[in-house]
Structures are given as structure tokens and as C-alpha cells.
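Notes follow the structure.
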Amino acid sequence: MTPLVRKASLIVGTLALMVGGAQTQEGTAEGLVAGMERADMTYRELMEIMGRASGMMHEGILRQNPQMVKSGTHIILTHPAPSHDPWTIMAEEDQTGFKSSLVAFDKLLDQSAQATTDAALQRDWAAASRALQELNNSCVGCHAMWKDKVK
């Protein structure tokens, strides 16, 4: 297991403990998806949009343009759910773990995206860059854990 996958697994495990194992939909992948608008797109297409949003944030930091950063963050914070349940891209035996990752990484992405915008609005470009790096590390960590398990 690579250090990045190990770190991502630790993050998911820690956040899973934080959200708890409640039987209600709150803190679950089902609850997360139920609270979102459904879009006519696949999970892959959604991930492509999220990648472009983080790219917009990166470009906004390079150009020192807070509005670009804010626009990219808005896409991440308000993204819809795909037309299908996202965990169905995984084999049955991997779906429970993937669901935990969806909940955990959704929180991390939101926190990092908001921190990036907050720093950009203060024109603290070094802090904005660090926050965006945390967002990108979350993306890479999740992809490292799951990309080879997509069916």
C-alpha cells in the first residue's frame, strides 16, 4: 500500500468514525445522494466536471483572481449527484467501503474548497494554494484507493 493510499484510508476510517454507524440516512452515502439534485450524467462525467472546477480554482490562484476560485468552489459545493447511485460503479463487495469514502471525501472536498476560497478572498495566495493542495490530495487519495476497482 502506497503512503498516499494509506493516508487516504486513514482519513476515510477516521471520518467514518466521526459520522458514526447510525442506521439513519444522515451521514450515509444514501443520505448524501438523497440531499442532492440528480443530474443526467454518469459518475465519471461528474468527476470530470469536478476536475475542471479544481483546475479553475488553480488558475484563479495563479491569476490572483478570487472570483475564479470562488466559481470553482461553487461547482464543488453544489455539485449534483449522477443519474445513478455512485456506488454501483463498484463490485458488490466494494460498495460498502466506497460508500464510506463518498461521505468522507465529500466533507474533505467541501472543507478544502471553502478554505481555498476564504484564503483567495483575503488575497492570501499562499494559503489558498495550500488549501487547494489539500483538495487535490483528497482527490488523488480517493482515486488511488478506488480507480482500479471500478467495474
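Would you tally the residues in the stretch 84-96 being in a helix (DSSP H, G or I) and in contact (Cβ under 8 Å) with a residue 40 or more places away in the chain? Break it down stepwise before answering.
At the first step, the residues of the stretch 84-96 found to be in a helix (DSSP H, G or I) are 86-89, 92-96.
Of the ones still in play, those that are also in contact (Cβ under 8 Å) with a residue 40 or more places away in the chain are 86-87, 89, 94.
Total meeting the criteria: 4.
Is there a residue being of a type in the set (Gly, Ala, Ser) and at pLDDT 55 or above anywhere in the stretch 10-26?
We begin by selecting, within the stretch 10-26, every residue of a type in the set (Gly, Ala, Ser); these are 13, 16, 20-22.
Within this subset, residues satisfying the condition of being at pLDDT 55 or above are none.
Checked against the condition, which is being of a type in the set (Gly, Ala, Ser) and at pLDDT 55 or above, the stretch 10-26 yields no hits at all.
Restricted to the stretch 74-118, and to residues that are within 11 Å of the chain's Cα centre (by Cα), of a type outside the set (A, V, I, L, M, F, W, C) and open to solvent by less than 20 Å² (accessible area, probe 1.4 Å), which residue is nearest to ARG44 (Cα to Cα)?
Out of the qualifying residues, it is SER101.
Under 8 Å between Cβ atoms, at least 6 apart or on separate chains: pull out the pairs that start in the stretch 32-47 with a residue that is under 23 Å from ASN136 (Cα atoms) and outside any loop (DSSP other than H, G, I, E, B) and end on any residue that is open to solvent by 40 Å² or more (accessible area, probe 1.4 Å) and charged (D, E, K, R).
VAL33/ASP85
(1) exposed (fewer than 14 other Cβ atoms within 10 Å of the Cβ); (2) under 16 Å from ARG123 (Cα atoms): which one isn't true of SER71, the others all being true?
The single condition SER71 does not satisfy is (1).
Yes or no: the stretch 41-52 includes at least one residue that is in contact with a His (Cβ under 8 Å, 6 or more places away or on another chain), open to solvent by 40 Å² or more (accessible area, probe 1.4 Å) and of a type in the set (S, T, N, Q). Show your work before the answer.
Just the residues of the stretch 41-52 that are in contact with a His (Cβ under 8 Å, 6 or more places away or on another chain), to begin with: 42-43, 46, 49-50.
Among the residues that remain, those that are also open to solvent by 40 Å² or more (accessible area, probe 1.4 Å) are: 42, 49.
Restricting the remaining residues to those that are of a type in the set (S, T, N, Q) gives 42.
Yes, there is a match, as at least one residue in the stretch 41-52 is in contact with a His (Cβ under 8 Å, 6 or more places away or on another chain), open to solvent by 40 Å² or more (accessible area, probe 1.4 Å) and of a type in the set (S, T, N, Q).
The values are calculated or read from the model by the stated rules, or taken from the named source; none is laboratory data. Remember, predicted model here, so these are calculated numbers, not experimental data. Glycine gets a Cβ as well: all are built from the backbone with ideal geometry, and neighbour counts include every protein chain shown. The protein model used for the area step is the full one, side chains on, heavy atoms only, and it has no ligands, DNA or RNA in it. Shrake-Rupley method; radii C 1.70, N 1.55, O 1.52, S 1.80 Å.
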